[in-house]
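Only one structure is covered here, and it is reproduced in the block below.
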Amino acid sequence: MPARIEERARFDLVRYANVWEDAAVLRAALAPAPGKRMLSIASAGDNAFVLLAAGAEVVAADLSPAQLALVELKRAAIRRLGHGETLAFLGARQGEDRRAVYERLERDLTPRAREFWRERLDEVTDGVIHHGKFEDYFRLFRARVLPLIHRRRTVLGLLAERDEAGRKTFYRKEWDNLRWRLLFRIFFSRFAMGRLGRDPEFFRYVEGSVAERILGRAEYALTVLPTHANPYVEYILTGNFRNALPLYLQPETFADLKRNLDRLTLFEGPVEEAARVHRGEGFDGFNLSDVFEYLDPGASAAIYERLLAAARPGARFAYWNMLVPRRLGERYPDRVRSLDGEAKALFARDLAFFYSAFVLEEAV
């Protein structure tokens, strides 16, 4: 049997400084609200924060102590700082002395997180949302590849507000040239993404062309969906959230999040173990990110079954397929029903274009 993913890939670094899954899709799928309990993959914290802002109690689990240290620091900033100050400290806006601000926030961190960030004060000074392995990958794309394809004026033109017809015309006439297609296929290949952006082990169960599928989704995101309001596209192309903020940092969400921070519990370890330890009266929603992407079918089923044991009646399971098809609810037709129609409608508006499918299932 293949070793577990935590034995095959590194988890001692910040792999994702931001969450690259659409929080608005997740919020609509899981319907978090006061009185509900949610179990979430922590990652960079952004989507767990959105569930929290809606009033739910959230347990956020991650195998990576580095990711949890990042969530702790973001939580401390949200707790102690105003909206504009938080944007500046994290790196979404200009900030003059982030190290001094960090000294104010450090008391809210656990000793382990404090030690982690004390060794990475340069990253704090630069803004922590810019220092993940995936963000470094996009920085390389932006600095080395994108200038070979388009001038900056064209890049900014892609982000201008247009209707769908205008976006399609711009893409066809100004953007979709041979260099775009060729260099995109090279940079977003299995080889390049595995070594520069994610981890080669994350592609163990992928079959077929990685780049072709991502290119198709990218075209959809750049034509059908509004580019001017897409924080994921904007960050990749410009290096920051210039005009479109992630949902947890938007002013109205931020205010609700600030009030609900005490409802967040962090857990280091597998999500299924978090479900066991914090089961209580069960969970109403599960944000599973793309966790099954990295596992063989048997391991995926074993995790799903343990999560199902912690589910309340009507609990929803939300997860993404990037390149590996996984639909775990199909194994339990008498206990789980697939919400394919709702999932497809939500996926049609998903602003994060890396994924090939969004899966939504409900315990019965």
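For the reader, a short list of remarks on this structure follows.
- A straight chain from Gln94 to Arg172 at 0.36 nm per residue would run longer than the Cα-Cα distance by 24.6 nm.
- Prolate/oblate/rounded label for region 258-364 (Cα gyration tensor, a/c 1.5): rounded
- Packing-based ranking, highest mean first, of 115-123, 235-243, 356-364 given that Cβ atoms within 10 Å are counted: 356-364, 235-243, 115-123
- 16 Å cut-off, amide nitrogen to a point 7 angstrom out along Ala28 Cα→Cβ, residues in region 303-332: 318-320
- Here the calculated FRET efficiency for Arg276 and His228, from their Cβ-Cβ distance with R0 = 35 Å, stands at 0.20, rounded to the nearest 0.05.
- Lysine-lysine proximity count for the chain, Cα under 29 Å, sequence distance 8 or more or distinct chains: 7
- Contour excess over end-to-end distance, with Cα ends at Leu121 and Thr238 and 0.36 nm allotted per residue: 39.7 nm
- Taking θ as phi - 60° and the Karplus parameters 6.51, -1.76 and 1.60, the scalar couplings of region 264-270 work out to 9, 10, 9, 9, 8, x, x Hz in sequence order, x denoting glycine and proline.
- Between Ala315 and Ala363, the built amide H atoms are under 5 Å apart, and every one of these is 5 or more places off in sequence or on another chain.
- Its residues counted as N, the chain yields a C-alpha radius of gyration over 2.2 N^0.38 Å of 0.96.
- Measuring nothing but how far apart in sequence close Cα pairs (under 8 Å, 6+ apart) lie, relative to its length, the chain scores a relative contact order of 23 percent.
- Taking a ≥ b ≥ c as the square roots of the eigenvalues of the alpha-carbon gyration tensor, region 1-160 is classed rounded because a/c is under 1.5.
- Of the DSSP H helices in the chain, none is both long (alpha-carbon extent of 30 Å or more along the helix axis) and hydrophobic (Kyte-Doolittle mean at least 1.0).
- Antiparallel bridge percentage (DSSP; both residues within the chain; nearest 5): 35
Rule-based calculations on the coordinates, nothing more; no lab input. Being a predicted model, the structure only gives us computed values, none of them experimental. Methodologically, a virtual Cβ is constructed for each residue, glycine included, from the backbone with ideal geometry; neighbour enumeration extends over all protein chains shown.
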